[in-house]
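Comments concern the structure below.
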Amino acid sequence: MTVDRIEDGYLILIPRDHPEEMIQIPRKYLVEFEEGDILEFSIRKDESATKEARNRASRLREQLVNR
């Protein structure tokens, strides 16, 4: 992605493979980047944390139902 511009506290990112699209991310999360920088993203789901959160929610629901 390319940092197209910084506007109203947001980085406006343009995906290199879909230049007709835009993604806005609050500047506070990416303060080290400037206009024209090329960014590479990698996002993955944390399977362990997801499972733990779902188990916690399930236990809470169970407690509420059994009261």
Here the qualifying pairs (Cβ atoms under 6 Å; residues six or more apart or on different chains; first in region 32-45 and touching a residue at least 12 places away in the same chain (Cβ under 8 Å); second assigned to a loop (DSSP other than H, G, I, E, B) and surrounded by 10 or more Cβ atoms within 10 Å (Cβ to Cβ)) come out as LEU39/MET1
Scanning region 2-29 residue by residue, those touching a residue at least 24 places away in the same chain (Cβ under 8 Å) and under 14 Å from the mean Cα position of the chain (by Cα) turn out to be LEU13
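Within region 34-55, which residues are among the hydroxyl-bearing types (Ser, Thr, Tyr) and more than 18 Å from PRO15 (Cβ to Cβ)?
Step one: list which residues in region 34-55 are among the hydroxyl-bearing types (Ser, Thr, Tyr), which gives 42, 48, 50.
Within region 34-55, SER48, THR50 qualify.
Every number in this text was worked out from the coordinates using simple rules, so none of it is lab data. Only a predicted model underlies this, so the values are computations on that prediction, with no experimental measurement involved. No Cβ is skipped: glycine too gets one built from the backbone with ideal geometry, and neighbour counts run over all protein chains shown.
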